[in-house]
Amino acid sequence: MRTALTHLTLTDFRSYGRAEIALSGAPVFLVGPNGAGKTNLLEAVSLLTPGRGLRNVALAEVGRRLPGEAQGRAWAVAAVVEQDGEPARLGTGLESPGSARRTVRLEGEPVPPGRLADLQRQVWLTPAQDRLFLEGAGDRRRFFDRLVFAALPTHAAHASAYEKAQRERMRLLTDGPADPAWLSALEARLAESGALMAEARARTLCALQEEIDGRGERPFPQARLSLTGEWEKMAGAGAEIAEIEARLARSLAAARERDAAAGRALTGPHRGDLAVIHAEKDRPAAECSTGEQKALILNLILAQSARLSRAESAPNPILLLDEVAAHLDRRRRAALFDEIEALKLQAFLTGTDEHLFEDLKGRAQGVRVDGSGLAYLDTE
Ligand SMILES: Nc1ncnc2c1ncn2[C@@H]1O[C@H](COP(=O)(O)OP(=O)(O)O)[C@@H](O)[C@H]1O
Ligand SMILES: [Mg+2]
């Protein structure tokens with residue numbers, strides 16, 4: 001389902017006092033010097049999905065704070081999103097400074113944040129992910145979960161139910177003699193949501209690999225993917241969800257003492273990881289150049305987007321690609337633009353130099369970001 005944001009308004013959001021922009025639905029490139037507010041704008045867009053946005057920070061932190069001000073202001077991001085030409089008004093923000101929860105509104109009425117995923121989904125790639133293949137599994141897991149989530153929004157609910165039960169179980173285990181019945185109840189909840197998570201990841205991986213293989217030769221390196229976590233492997237090997245759930249519950253019950261001593265849970269899908277191999281070179285992504293790693297990740301994002309674009313009932317993803325263009329050589333950059341256009345995706349791309357987007361002129365909207373303001377660029 002073709003999905004695009006057609007209007008954006010930011011109020012007291014980071015460097016922006018008030019900024020407003022009308023969008024055509026075509027790709028958007030944002031240019032401006034360092035510190036101009038490009039990433040801030042993408043972050044504002046990213047908060048139109050459930051969660052903490054692309055910088056993964058507390059929601060009170062994104063409110064505008066002038067020098068000397070101790071606390072960020074109440075902020076708002078409002079948007080019009082069109083699905084197959086049908087507009088809907090979305091908004092989110094903090095109603096008072098420092099509040100821990102944000103409000104989400106659809107057509108002016110408060111709705112749970114999960115509703116945002118009905119209207120649009122996003123996948124992002126930021127400079128913070130440049131070391132995705134070099135550092136711990138956490139960032140890779142979050143990146144892959146976002147791809148899963150773009151296809152299966154219930155994945156986010158399962159992940160947050162899992163995290164909540166996980167925290168409670170660890171509190172019980174570390175606070176001293178725990179009621180075994182209560183522990184079992186929490187472990188049952190963990191096993192239920194954990195099995196669903198593992199299954200959703202395994203299913204997405206399989207579909208994604210099939211898509212990548214089916215797309216054949218591309219300017220982006222082909223990837224061979226695998227999930228290395230125990231539970232995802234079990235799901236990938238065809239185990240029933242009930243089977244995974246039962247085994248996970250047994251493992252958790254058996255691991256109480258060990259987990260209490262370690263101060264963290266040593267088994268479960270929160271330990272899963274994604275392994276990526278550069279197929280032509282037969283080399284793990286971690287051994288590839290920075291540019292190749294970026295291209296590998298982009299290939300995953302584009303393959304998932306292509307897959308979702310064919311789905312009639314789900315919105316196709318909006319891409320937030322922060323400082324991605326600068327990492328790519330001209331051929332790959334042009335290929336990225338071509339693919340975004342062919343898939344009819346709304347992508348927000350940023351860069352410090354207008355030249356990076358030369359090949360997009362005439363088929364994208366250009367915006368100059370300058371301190372706290374936005375201005376349309378002539379892109380004829
Ligand atoms: N809460 C805030 N209130 C006001 N300004 C902020 C806030 N958070 C960040 N900034 C400002 O935003 C700027 C960074 O913007 P950013 O979007 O990251 O720049 P870039 O265009 O390089 O991506 C910094 O100069 C910083 O001072
Ligand atoms: Mg930036």
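What you get for the chain, charging only the Cβ of Lys and Arg (+1) and of Asp and Glu (-1), is a dipole of about 600 debye around the Cα centre. With a/c under 1.5 counting as rounded, go ahead and sort the chain into rounded, prolate or oblate using the C-alpha gyration tensor (a ≥ b ≥ c being the square roots of the eigenvalues; past the cut-off, prolate if a/b is larger than b/c, else oblate). It is oblate, given that a/c is not under 1.5 and a/b is not larger than b/c.
Phi-derived couplings, Karplus 6.51 cos²θ - 1.76 cosθ + 1.60 at θ = phi - 60°, listed residue by residue for the stretch 82-89: 10, 10, 6, x, 8, x, 9, 9 Hz, with x used for Gly and Pro. Only Cα pairs under 8 Å and 6+ residues apart enter the sum, and on that basis the relative contact order of the chain stands at 25 percent.
Would you please name the trypsin sites (Lys or Arg not before Pro) within the stretch 276-380 that are DSSP coil residues with at most 15 other C-beta atoms within 10 Å of their C-beta? Counting only loop positions with at most 15 other Cβ atoms within 10 Å, the trypsin sites (Lys or Arg not before Pro) in the stretch 276-380 are LYS281, ARG310, LYS344, LYS361, ARG363.
Please go through the stretch 168-198 and write out the GluC sites (Glu not before Pro) that DSSP classes as loop and that have at most 11 other C-beta atoms within 10 Å. Counting only loop positions with at most 11 other Cβ atoms within 10 Å, none of the GluC sites (Glu not before Pro) in the stretch 168-198 qualifies. 3J(HN,Hα) along the stretch 175-188: 7, x, x, 9, 5, x, 5, 5, 4, 4, 5, 5, 5, 5 Hz, from the Karplus curve 6.51 cos²θ - 1.76 cosθ + 1.60 with θ = phi - 60°, whole Hz, x for Gly and Pro. Taking other C-beta atoms within 10 angstrom as a stand-in for reagent exposure, ASP359, ASP118 fall in the order ASP118, ASP359, fewest first. Average 1/r across all pairs of distinct alpha carbons in the stretch 1-51, invert it, and you get the Kirkwood radius: 12.1 Å. Do any GluC sites (Glu not before Pro) in the stretch 297-362 lie in a loop, going by DSSP, with at most 15 other beta-carbon atoms within 10 Å of their beta carbon, and if so which? Qualifying residues, ordered by number: GLU312. About its Cα centre, the stretch 286-334 has a charge dipole of approximately 220 debye under the convention of +1 per Lys or Arg Cβ and -1 per Asp or Glu Cβ, with nothing else charged.
Panel order for ARG121, ARG18, ARG201, by other beta carbons found within 10 Å of each beta carbon, from fewest to most: ARG18, ARG121, ARG201. Computed across the stretch 134-314, the Kirkwood hydrodynamic radius from all distinct Cα-Cα pairs reaches 17.4 Å.
Every read-out reported here was derived from the displayed coordinates using simple, explicitly stated rules and does not represent laboratory data. All of these numbers come straight from a predicted model, not from anything done at the bench. No Cβ is skipped: glycine too gets one built from the backbone with ideal geometry, and neighbour counts run over all protein chains shown.
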